[in-house]
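Participant: Supplied in structure tokens, the structure appears directly below.
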Amino acid sequence: MEAYKKSSIANCRVVLGGVEFAALLRAKTQLQHISRKNVRHRAAVAACLVHGVSVVERDRQKQREGSQAFASPWWKSLNFKMVSQLQDDVDSSIFGAIYKFEPPASYSNLSIDGCPYYVIAFRGTLLKRKSFKRDLELDFHILRNTLDTTSRFEIAMRAVRDMVASVGSSNVWLAGHSLGSAIALLVGKTMAKEEYLLASFLFNSPYPSVPIEKIVPEKVHHVFRGAVNVVRAGVALAEKKMSGDSSLAQSAWVPNVFVNTADHISSGYVGYFDHKKKMEEIGVGGIERLATQLSLRGSSEPMHRIPSANLVVNSTRSRDVHGIKRLMHAHGIKRWMNI
């Protein structure tokens, strides 16, 4: 787990029909450095592509087309092409997109090493009349741990499987925000069980459990989590004997998980991984790993629990906004776009 800090790199600004966003690089040639080991650079690219899906859906709802549409600079400025859109079969909203990286001829092989050939991105819940009802319905599926039973997940799963079959898992990134992050996480876990490990960037992914670390003292919440996990581990062990074990395959998948401590929807991951670390330190990590496989609310595996992750935490708070706007700001994807 690492603290998330902004780089000192100056951002340029791009204005799209009154919508301003922080561009990732000072010049087009800086795109060459995105492929390096810096997870923040890669995350900034993924965040822009995810946001691009949201803008595409807003364009659709407002009937903005051609030169009137706002969406395309979100990927064209990064040398990506949107090759396909994923459409919900219930409300016809666009919830995802497949992007292809098309670097200029001037880029060397070295400069694009580590870049994805394709990125499959999923947007979060939109507070817009034509899509909100369906998005909210899917948010409740997250709370009930039944997102895998929805047609939107099935559409996403099929698109990812087809792409991996076509170009290989090493050439595909997954990315998502909020509801879209939950879909990407579930897709990533499913592919990991099939031994396909996809680089994944999960922004503000919902953690649908009570944040006990914010309610009780630290020592108490570790004891509470430990007691609950002993029960979970016992049940999971019994189930594993009957149905086999997929935890080893899942453990090899290490997604990048981005959370804000002020975001009550996703901040539970901070306490979750902190507790896992402490359990490993005292030699009972095996209980934690078994507990990860079971939800006490049902027999199915809990969607939001993952064996491991590269957790990136943003601890900055918005001082100029208050109330619900502060919560929405903390949960928003735009704070992950700046290097």
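Participant: Apply the a/c threshold of 1.5 to the C-alpha gyration tensor of the stretch 89-206 and tell me whether it is rounded, prolate or oblate.
Facilitator: On the way: a/c = 2.30, a/b = 1.71, b/c = 1.35.
Cα axes put the stretch 89-206 in the prolate bin.
Participant: Right, something else. What's the extension gain from Arg64 to Ser106 if we count 0.36 nm per residue and subtract their Cα-Cα distance?
Facilitator: Working: separation 42, 0.36 × 42 = 15.12 nm, distance 3.33 nm.
Full extension of this stretch gives 11.8 nm more.
Participant: Going through the cross-link list Lys130/Lys189; Lys128/Lys325; Lys193/Lys278; Lys62/Lys130, which pairs have a Cα-Cα distance over 19 Å in this structure?
Facilitator: Exceeds cut-off: Lys130/Lys189; Lys193/Lys278.
Participant: For the pair Tyr117 and Val254, how long in nm is the line joining their label points, each one 7 Å along Cα→Cβ?
Facilitator: 2.5
Participant: Okay, moving on. Leaving ligands, DNA and RNA out of it, work out the accessible area of Thr125 with a 1.4 Å probe and give it in Å² to the nearest 10.
Facilitator: 40
Participant: In addition: How far is it, in nm, from the label point at Lys81 to the one at Lys334 when both lie 7 Å from their Cα along the line to the Cβ?
Facilitator: The two pseudo-label positions are separated by 3.1 nm.
Participant: Would you calculate the separation in nanometres between label points at Val39 and Lys128, each defined as 7 Å from the Cα along the Cα-to-beta-carbon direction?
Facilitator: 3.1
Participant: May I ask you to compute the full-extension gain from Thr149 to Asp162, defined as 0.36 nm times their residue separation minus their alpha-carbon distance, rounded to one decimal in nm?
Facilitator: Numbers: separation 13, 0.36 × 13 = 4.68 nm, distance 1.94 nm.
Working it through step by step, the gained length comes to 2.7 nm.
Participant: So for each of 62-71, 193-202 I average, over its residues, the number of other beta carbons within 10 Å; can you give me the resulting order with the highest mean first? Please report the intermediate quantities before stating the final value.
Facilitator: Values: 62-71: 12.6, 193-202: 20.5.
Descending mean neighbour count gives 193-202, 62-71.
Participant: Here's a follow-up. Tell me, what is the Rg over Rh of the stretch 142-189, with Rh the Kirkwood radius over Cα pairs? Provide the component values of the computation, followed by the final result.
Facilitator: Values: Rg = 11.0 Å, Rh = 11.2 Å.
Dividing the radius of gyration by the Kirkwood radius yields 0.99.
The values are calculated or read from the model by the stated rules, or taken from the named source; none is laboratory data. In this text, all values refer to a predicted model and were calculated from it rather than measured experimentally. Positions of Cβ are backbone-derived with ideal geometry, glycine not excepted, and every protein chain shown enters the neighbour counts. Just the protein is used for accessible areas: all its heavy atoms, side chains included, with ligands, DNA and RNA removed. Shrake-Rupley method; radii C 1.70, N 1.55, O 1.52, S 1.80 Å.
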